[in-house]
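> Here it is: the structure, laid out below.
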Amino acid sequence: MKCALVTGGSRGIGRAICLKMAAAGYYVLINYKGNEAAANETLEAVRAAGSDGELLQFNVGDEAEVQTVLGGWIENNKDRQIAVLVNNAGIREDSLLFWMTSTQWNNVLNISLNGFYNVTKQVLNGMLLKRFGRIINIVSLSGIKGLPGQTNYSAAKAGVIGATKALAQEVAKRGVTVNAVAPGFIKTDMTAELNEKELAAQVPMNRFGTPEEVAEAVAFFASSGAGYITGEVLSINGGLHT
Ligand code: NAP
């Protein structure tokens with residue numbers, strides 16, 4: 001059974017992606033950082049969708065931990081192939097740069113950008129050997145347009161967009177595609193404390209998107225039908241472009 005690994009799969013957009021992957025028949029590896037109860041809810045939902053999976057707890061920003069937990073899983077499951085990797089785990093710690101601490105800067109860069117490196121490094125070799133793989137990175141409108149108060153987050157997501165385009169060219173000959181999905185405002189815990197009414201008014205569709213609407217695009221990039229698309233960034237933002 002082919003596997004799909006979704007980082008930050010316990011909640012929000014990551015959970016919706018896990019369910020989409022389950023519906024597509026993948027065995028889902030649900031990564032999370034600390035919220036085991038939420039991760040278990042995702043696993044139950046994956047099973048209810050008719051598939052199966054397991055939890056993999058590691059901090060994507062901790063290279064040694066990723067190597068031990070994910071590298072260990074790969075070593076112990078040589079009969080299984082991670083065909084789809086969704087680099088979804090991310091955080092935001094907003095502040096104007098003037099007030100931003102180096103901890104806020106480093107935390108956000110570490111989880112989004114180094115997290116992409118740490119996890120992709122473990123999974124890529126297997127994809128290259130099998131001559132098939134789908135890597136989908138969840139970036140953000142903030143990484144395309146730049147948003148005030150988010151220099152750390154905009155830098156991290158713009159960095160992942162650059163890495164998406166570079167890696168896409170490195171591995172294209174081996175049947176591995178690398179694409180990114182750039183959501184605008186999506187209703188999750190990450191946006192729970194924002195003023196939805198005020199911000200939705202800036203969106204041409206006048207509403208926040210849903211995690212399921214982002215998961216649809218991820219499922220498309222993961223599908224065999226998207227085999228000739230690589231290095232692409234698809235915006236899911238209700239018309240809120242730059
Ligand atoms: P969320 O609801 O806050 O969920 C975050 C998920 O990431 C959780 O599963 C969390 O695990 C996991 N996570 C956080 N830090 C981690 C780490 N160091 N290692 C492993 N997992 C970690 O966020 P979301 O809104 O679904 O966002 C998902 C992705 O979409 C992020 O990359 C975000 O930047 C991006 N995005 C979101 C929006 C939006 O409007 N929501 C817009 C654009 C882009 P635990 O449950 O264990 O804490």
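The values are calculated or read from the model by the stated rules, or taken from the named source; none is laboratory data. As the structure is a prediction and not an experimental result, all values here were calculated from the model. Methodologically, a virtual Cβ is constructed for each residue, glycine included, from the backbone with ideal geometry; neighbour enumeration extends over all protein chains shown. For the accessible areas, the whole protein counts, side chains as well, though only heavy atoms, and no ligand, DNA or RNA atoms are used. Shrake-Rupley method; radii C 1.70, N 1.55, O 1.52, S 1.80 Å.
> Restricting attention to segment 197-218, and to residues there that are open to solvent by less than 100 Å² (accessible area, probe 1.4 Å) and out of contact with any helix residue (DSSP H, G or I) (no Cβ under 9 Å at 6 or more places or on another chain), which single residue is nearest to the ligand (Cβ to nearest atom)?
The selected residue is Gly209.
> Right, another one. Can you pull out every residue in segment 146-202 that is among the charged types (D, E, K, R) and in contact (Cβ under 8 Å) with a residue 40 or more places away in the chain?
Once the filter is applied, which keeps residues that are among the charged types (D, E, K, R) and in contact (Cβ under 8 Å) with a residue 40 or more places away in the chain, segment 146-202 yields Lys157, Lys165, Arg174, Asp189.
> Moving on to the next point. Looking only at segment 75-113, filter to residues that are within 11 Å of the ligand (Cβ to nearest atom), open to solvent by less than 20 Å² (accessible area, probe 1.4 Å) and among the hydrophobic types (A, V, I, L, M, F, W, C); which one of those is farthest from Ala22 (Cα to Cα)?
Val108
> Can you find, within segment 190-222, the residue that is nearest to Arg174 (Cα to Cα) among those that are polar (S, T, N, Q) and out of contact with any strand residue (DSSP E or B) (no Cβ under 8 Å at 6 or more places or on another chain)?
My answer is Thr191.
> Residues of segment 228-238 being open to solvent by less than 40 Å² (accessible area, probe 1.4 Å) and part of a loop (DSSP other than H, G, I, E, B), which ones?
Gly231, Asn237, Gly238
> Failed condition for Gly9, given (1) out of contact with any strand residue (DSSP E or B) (no Cβ under 8 Å at 6 or more places or on another chain); (2) touching a residue at least 12 places away in the same chain (Cβ under 8 Å), with all others met?
Going through (1) out of contact with any strand residue (DSSP E or B) (no Cβ under 8 Å at 6 or more places or on another chain); (2) touching a residue at least 12 places away in the same chain (Cβ under 8 Å) one by one, Gly9 breaks only (1).
> Considering segment 144-163 alone, what residues qualify as being crowded, with 20+ Cβ neighbours inside 10 Å and in contact with an Asp or Glu (Cβ under 8 Å, 6 or more places away or on another chain)?
Within segment 144-163, Gln150, Asn152, Tyr153 meet the criteria.
> Residue check, Gly72 against (1) assigned to a helix (DSSP H, G or I); (2) within 13 Å of the ligand (Cβ to nearest atom), all met but one. Which one?
(2)
> May I pose another question? I'm told Ser142 meets every condition in (1) within 11 Å of the ligand (Cβ to nearest atom); (2) without any contact (Cβ under 8 Å) to a residue 60 or more places away in the chain; (3) under 21 Å from Gln57 (Cα atoms) except one. Can you identify the failing condition by its number?
Ser142 satisfies all of (1) within 11 Å of the ligand (Cβ to nearest atom); (2) without any contact (Cβ under 8 Å) to a residue 60 or more places away in the chain; (3) under 21 Å from Gln57 (Cα atoms) except (3).
> Among the numbered conditions (1) more than 14 Å from the ligand (Cβ to nearest atom); (2) under 30 Å from Leu128 (Cα atoms); (3) at pLDDT 95 or above; (4) not hydrophobic (A, V, I, L, M, F, W, C), tell me where Ser224 comes up short.
Evaluating Ser224 over (1) more than 14 Å from the ligand (Cβ to nearest atom); (2) under 30 Å from Leu128 (Cα atoms); (3) at pLDDT 95 or above; (4) not hydrophobic (A, V, I, L, M, F, W, C) leaves (3) as the failure.
> Can you name the residue in segment 114-133 that is within 12 Å of the chain's Cα centre (by Cα) and in contact (Cβ under 8 Å) with a residue 60 or more places away in the chain and, of all such residues, is surrounded by the fewest Cβ atoms within 10 Å (Cβ to Cβ)?
Only one residue tops the list, namely Val119.
> Select from segment 40-62 the residues that are under 20 Å from Ile74 (Cα atoms) and of a type in the set (A, V, I, L, M) and write down the one among them that is farthest from the ligand (Cβ to nearest atom).
Filtering segment 40-62 for residues that are under 20 Å from Ile74 (Cα atoms) and of a type in the set (A, V, I, L, M), the one farthest from the ligand (Cβ to nearest atom) comes out as Leu43.
> Right, something else. On the given criteria, is Thr188 of a type in the set (S, T, N, Q) and touching a Pro at 6+ places or on another chain (Cβ under 7 Å)?
Judged against the criteria, Thr188 is a match.
For (1) part of a strand (DSSP E or B); (2) surrounded by 15 or more Cβ atoms within 10 Å (Cβ to Cβ), each residue gets a yes or a no:
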| residue | (1), (2) |
| --- | --- |
| Ala4 | yes, yes |
| Gly14 | no, yes |
| Lys20 | no, yes |
| Asn31 | yes, yes |
| Asn40 | no, no |
| Glu44 | no, no |
| Arg47 | no, no |
| Gly50 | no, no |
| Leu55 | yes, yes |
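> Suppose the filter is at pLDDT 95 or above, aliphatic (A, V, I, L, M) and part of a loop (DSSP other than H, G, I, E, B); does Leu97 pass it?
So Leu97 fits the description; yes.
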